[in-house]
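This report refers to the structure that appears directly beneath it.
The values are calculated or read from the model by the stated rules, or taken from the named source; none is laboratory data. Remember, it's a predicted structure, so these values are computed and weren't measured experimentally. Each accessible area value is taken on the protein alone, full model and side chains, heavy atoms only, with ligands, DNA and RNA left out. Shrake-Rupley method; radii C 1.70, N 1.55, O 1.52, S 1.80 Å.
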Amino acid sequence: MYFPQYRPRRMRQSETLRGLVRENRLHPDSFVYPMFAIHGEDVRNPVASMPGVFQLSINHLVEEAREVAELGVKSVILFGIPEQKDEAASGAYDPEGIVQMATRALKQELPELTVMADVCLCEYMSHGHCGVVQGDKVLNDVSLELLANAAVSLAHAGIDVVAPSDMMDGRVGAIRSALDQEGHTELPIMSYSTKYASAFYGPFRDAAESPPAFGDRRSYQMDPANSDEGVREALIDIEEGADVVMVKPALPYLDLIYRLKTETHYPVAAYNVSGEYAMVKAAAEKGWIDEKAVVLETLLGIKRAGADIIITYHAKDAARWLAEESST
Ligand code: PBG
């Protein structure tokens, strides 16, 4: 009978042996928790398609962020739901805008927490597109100034990282030079460089109240069929001054995470988006999957693909489960 020289099972015999040869580990240091800030006094609106996620007024936002930090998750990324939307996205660069106010409150109450902000116009535009609209077109160059204004106003509010997600060409460069001109030379930009026009953003658009009123985002977000272009987008953003590049969504695009990691040599973030979260929560609610095991396997898969940073709505649960595992 033939016995192979090498038997992979030898090193799988015990948890200790498996631990010694384990190539990747999840740690809450990599996690960023997304949060939705809304005006009002005592608001905590559940998002129907994202169980466990809420639109939070600032008092609740601070409370929840404290809980996030206590679980060992050291960064959050903020999205805002403004009181009013218009055709110039005024709420995005209003010094009293919802994310600016939330940033000031969080930095005051939890100075150790790293507060990031999504920089986009869609939540603040009455038409819900990520740039200025003329007729049925989303204009590129005039949108850059508004995005730069938004980044600068968040910088003044004390934000720790800005994360442009609009997919206008040239926005990282425009934001970098506007920040530098205002003296914010040390503020990092995490660019949503490789962002696809995806059906997986559906639940987020409920949470952020930002679905486009007409058409879709395919004239600015990427075609899911393209891979080289995703790398190119990351390289362009790096040239324009991005400190971190991102792949979004995560699961259908693990190949892009790997390519960005190996081809750019820059830190890579992956956004485990709302639709990915909603699928897991729905199946778990039905009792069809083991939520904890599926979430940890999913996040580990994203890590293994090459992500340094994982933005995920599962961050709180995952941090709790990882702490439980390490204490047993
Ligand atoms: C804003 C933005 C979106 C998401 C992050 N920033 C929505 C979109 O592009 O339509 C999606 C996040 C998620 O689905 O969890 N442009």
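How big is D for the range 128-221, in µm² s⁻¹ as a whole number, if Stokes-Einstein is applied with the Kirkwood radius of its Cα pairs at 10 °C and 1.306 mPa s? It would help to have the intermediate numbers written out before the result.
On the way: Rh = 14.1 Å.
The estimated diffusion coefficient comes to 112 µm²/s.
Given 10 °C and 1.306 mPa s, compute D for the range 62-204 with the Stokes-Einstein relation, Rh being the Kirkwood radius over Cα pairs; round to the nearest whole µm²/s. Walk me through the numbers before you get to the answer.
On the way: Rh = 15.5 Å.
Approximately 102 µm²/s, per Stokes-Einstein.
Can you say what percent of the DSSP beta bridges in the chain, counting only those with both residues inside, are antiparallel? Round to 5. Write down the numbers at each step before the final one.
Details: 6 of 39 bridges.
In the chain, DSSP labels about 15 percent of beta bridges as antiparallel.
Where does helix 171-181 land angle-wise versus the long Cα axis of the chain, in degrees 0 to 90, nearest 10?
Approximately 70 degrees, to the nearest 10.
State, as an integer percentage, the relative contact order of the chain based on alpha-carbon contacts under 8 Å between residues 6 or more apart.
Values: 632 pairs, mean separation 57.0, N = 328.
Averaging sequence separation for qualifying contacts and normalising by length gives 17 percent for the chain.
Which percent of the accessible heavy-atom area of the range 223-328 goes to carbon and sulfur, probe 1.4 angstrom? Mind dumping the intermediate values first?
Details: 2500 of 4730 Å².
Ligands and nucleic acids excluded, carbon and sulfur reach 53 percent.
Compute for the chain: radius of gyration divided by Kirkwood radius, i.e. Rg/Rh, restricted to C-alpha atoms, rounded to two decimals. Present the calculation step by step, with values, prior to reporting the outcome.
Values: Rg = 20.3 Å, Rh = 20.4 Å.
Result for the chain is an Rg/Rh of 0.99.
Order the following by accessible area, largest value first: Met168, Met11. Probe radius 1.4 Å; ligands, DNA and RNA are ignored. All intermediate terms of the calculation are to be shown ahead of the outcome.
Values: Met168 5, Met11 80 Å².
Reading off the accessible areas and sorting them downward yields Met11, Met168.
Compute the distribution of all C-alpha to C-alpha distances in the range 1-65, in bins of 10 Å from 0, and list the percent of pairs in each, rounded to whole numbers.
Final binned percentages: 17, 25, 16, 14, 16, 9, 4, 1.
How much of the DSSP bridge set in the range 1-155 is antiparallel, in percent, rounded to the nearest 5?
Numbers: 6 of 20 bridges.
Here the share of antiparallel DSSP bridges comes out near 30 percent.
For Ile38, what accessible surface area do you get with a 1.4 Å probe? Give it in Å², rounded to 10.
20 Å²
Report the accessible area of Phe54, computed with a 1.4 Å probe over the heavy atoms of all protein chains in place, in Å² rounded to the nearest 10.
Rounded to the nearest 10, the figure is 50 Å².
Solvent-accessible area of Lys286, probe 1.4 Å, all protein chains present, reported in Å² to the nearest ten, please.
Accessible surface of Lys286 is approximately 130 Å².
Mind checking the per residue accessible area of the chain for me, 1.4 Å probe, whole number of Å²? Can you show the working numbers first?
Working: 15200 Å² over 328 residues.
Accessible area per residue, the chain: 46 Å².
To the nearest 10 degrees, how steeply does helix 98-109 sit against the main Cα axis of the chain, on a 0 to 90 scale?
Computed tilt is about 60 degrees.
Given a 1.4 Å probe and every protein chain left where it sits, what share in percent of the accessible area of the range 105-172 is carbon and sulfur?
Details: 1070 of 2310 Å².
Percent of accessible area from carbon and sulfur atoms in the range 105-172: 46.
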